[in-house]
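What follows is a short report on a single structure.
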Ligand SMILES: [Zn+2]
């Protein structure tokens, strides 16, 4: 028995058949030329024709969900508009689950690393967070629990994409690094002594310290394209938290690396 996990991002779709112990049996990647409803439908059609033999499907997406109606409402940077799962459920005849991508990443990491309580911060284009408590994703009554990218780090600070000022994401999100410093996060974070990297490290140290204090954490998992393969950056944030706030925290890159979203999407089916 296998679950099909589909992780939809702004530039590509990663999909895989995942076994009951969490390991990936077969995976495929589809580059997205477009991110509207049609492009997503085409990608799902391709995935479900190439990967077969699954009993359920889990899909992880960025942005806003309407869980009750199984609808992906919208996502910043993507051209999605109220994309409904119902037609796919009818067509494929298996249960399909939809969840936020950072929540999926946390669930995937908790499954594979066998931890029933886990917090994962995803550092990519935006800053997301997934909270898993007792093997379940915490969504809160608004459905938006874990929006770590929009906790305020500097009151009246830099403009954020959400309309507020001084959010964590406005200093540490990939979009903000590009907007405010004119370079890709990868270029900027190679040299940790430049202003952009220093600002990102400082903002993340404040944000992660607050989150660690709130939840009483000894470790926080990190995922996403900015965190994975960026050991010095992560190390600097950890040292900053220890030095400035005298708080002993381990910042860890999960075992699932950049596959957490895919594995976590499949984990929705369990
Ligand atoms: Zn914001």
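Derivation of every value follows stated rules applied to the coordinates shown; laboratory data play no part. Everything quoted here is computed from the prediction, not taken from an experiment. So basically every Cβ, Gly included, is an ideal-geometry build from the backbone, and we count neighbours across all protein chains shown.
Apply 1/(1 + (r/R0)^6) to the Cβ-Cβ distance of residue 133 and residue 255, taking R0 = 22 Å, and write down the FRET efficiency to the nearest 0.05. So the FRET efficiency works out to roughly 0.65.
The slack in the chain from residue 180 to residue 87, taken as 0.36 nm per residue of separation less the alpha-carbon distance, amounts to 29.4 nm.
Relative protection proxy for 55-65, 141-151, from highest mean packing down: 55-65, 141-151 (other beta-carbon atoms within 10 angstrom).
Rounded if a/c is under 1.5, else prolate if a/b beats b/c, else oblate: with a ≥ b ≥ c from the C-alpha gyration tensor eigenvalues square-rooted, which is the stretch 186-270? Spell out each step's value before the answer.
Values: a/c = 2.55, a/b = 1.31, b/c = 1.94.
It comes out oblate by the Cα gyration axes.
Placing a pseudo-label 7 Å from each Cα along the Cα-to-Cβ vector at residue 1 and residue 79 gives an inter-label distance of 4.1 nm. Where both bridge residues fall in the stretch 2-104, DSSP classifies roughly 60% of the beta bridges as antiparallel.
For residue 247 and residue 38, calculate 0.36 nm times their separation in residues minus their Cα-Cα distance, and state this gained length in nm to one decimal. Numbers along the way, then the final one.
Numbers: separation 209, 0.36 × 209 = 75.24 nm, distance 4.79 nm.
This chain segment gains 70.5 nm when fully extended.
On the basis of the beta-carbon distance and an R0 of 30 Å, residue 94 and residue 142 show a calculated FRET efficiency of 0.55. What the Kirkwood sum gives for the chain is a hydrodynamic radius of 18.7 Å, with every pair of different alpha carbons counted.
Grab the Cα-Cα distance for residue 28 and residue 235, subtract it from 0.36 nm times how many residues apart they are, and report the gain in nm with one decimal.
Details: separation 207, 0.36 × 207 = 74.52 nm, distance 3.20 nm.
Extending this stretch completely gives an extra 71.3 nm.
Over the chain, dividing the summed -39,500 (n - 2.57) contributions of all DSSP H runs of at least 4 residues by the number of residues returns a 222 nm mean residue ellipticity of -10000 deg cm²/dmol. Geometric descriptor of the stretch 114-254, per residue, is 106 Å³ (volume of the convex hull of the Cα atoms).
Shape verdict for the stretch 33-169, please, from the Cα gyration tensor: rounded (a/c under 1.5), prolate (a/b greater than b/c) or oblate. If you can, show how the numbers build up before the last one.
Numbers: a/c = 2.21, a/b = 1.40, b/c = 1.58.
It is oblate, given that a/c is not under 1.5 and a/b is not larger than b/c.
Across all C-alpha atoms in the stretch 1-92, the radius of gyration and Dmax reach 12.8, 35 Å.
Going from the residue with the fewest nearby Cβ atoms within 10 Å to the one with the most, 97, 29 rank 29, 97.
When only Cα pairs below 8 angstrom with a gap of at least 6 residues are kept, the chain shows a relative contact order of 21 percent.
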